[in-house]
Amino acid sequence: MITTNDVGGEREKIVDAAIRCFQRYGPQRTSMNDIADEAGISRRTLYRQFDDRPALVAEILDRRLSELHASVVAHLATYDDIEAALIEGSLFSVEAGESDDLVAEIVRHEHAGTPERFLLRVNDSIAARVLESWSVVLGHGRAQGRVRTGLSNTRAVELIMTVHTVALLRDDLGRDGRRALFRDLLVAAVLNPPD
């Protein structure tokens, strides 16, 4: 849970300090004391802004992923075929997430499964961006009668986010393995079966 009493931009200062510490020491070796010291605040002040470490990590991931949003939207706009978008657009999205070294480091190494819980739950701000990213593609697919009947855009986005998270966590798959994952899971879940 994140608190909302942000006096004098403390939240921004804390997030910036945490990012510097994560980059310097690695997320798994950075303590809340390190972050408070880097921000020049007390631990008590840090905990007034973020109830716990998972809330701070979630804020960092949310901000970093929002920065990648524009490139994903632009890439998805290049697809007329929804199946190609689900496979190749998904591959682009996952690789864009991995290209951010801090996001990749957090996802791979943060303790207690925090990133997995963050990525797998339906975070409202992330879900809204993913919905915006995929709405045009889903709209084209619906117009062509290819999107599964009764599948809402919201549910399609939940499926897309979940499969993307699995692909991020399964960095052993490689590009072809990820394409197969997207084909087997996303294409089958989102599109009407072929006649």
task = With the checklist (1) touching a Pro at 6+ places or on another chain (Cβ under 7 Å); (2) at pLDDT 85 or above; (3) not small (Gly, Ala, Ser) in hand, flag the one item Glu88 doesn't pass.
result = (1)
Enumeration of residues in the stretch 157-179 that are within 20 Å of His75 (Cα to Cα) and modelled with pLDDT of 95 or more = Arg175, Asp176, Arg178, Arg179
task = Find the residue count for the stretch 153-191, including only residues that are touching a helix residue (DSSP H, G or I) at 6+ places or on another chain (Cβ under 9 Å) and outside any helix (DSSP H, G or I).
result = 4
task = Please work out which one of (1) within 21 Å of Leu191 (Cα to Cα); (2) in a helix (DSSP H, G or I); (3) modelled with pLDDT of 90 or more is the condition Val130 fails and give its number.
result = (3)
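If you go through the stretch 11-31 one residue at a time, how many are of a type outside the set (S, T, N, Q), in a helix (DSSP H, G or I) and surrounded by fewer than 17 Cβ atoms within 10 Å (Cβ to Cβ)?
6
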task = Name the single residue, out of those in the stretch 147-160 being surrounded by fewer than 21 Cβ atoms within 10 Å (Cβ to Cβ) and among the aliphatic types (A, V, I, L, M), that is farthest from the chain's Cα centre (by Cα).
result = Leu151
inquiry  = For the stretch 100-127, give me each residue that is small (Gly, Ala, Ser) and either in contact with a helix residue (DSSP H, G or I) (Cβ under 8 Å, 6 or more places away or on another chain) or at pLDDT 90 or above (or both).
reply    = Ala104, Ala112, Ser125, Ala127
request  = Being over 24 Å from Gly97 (Cβ atoms) and charged (D, E, K, R) is the filter here, so list the residues in the stretch 137-162 that pass it.
outcome  = Arg142, Arg146, Arg148
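The values are calculated or read from the model by the stated rules, or taken from the named source; none is laboratory data. Here the structure is a predicted model, which means the values were calculated and not measured. Methodologically, a virtual Cβ is constructed for each residue, glycine included, from the backbone with ideal geometry; neighbour enumeration extends over all protein chains shown.
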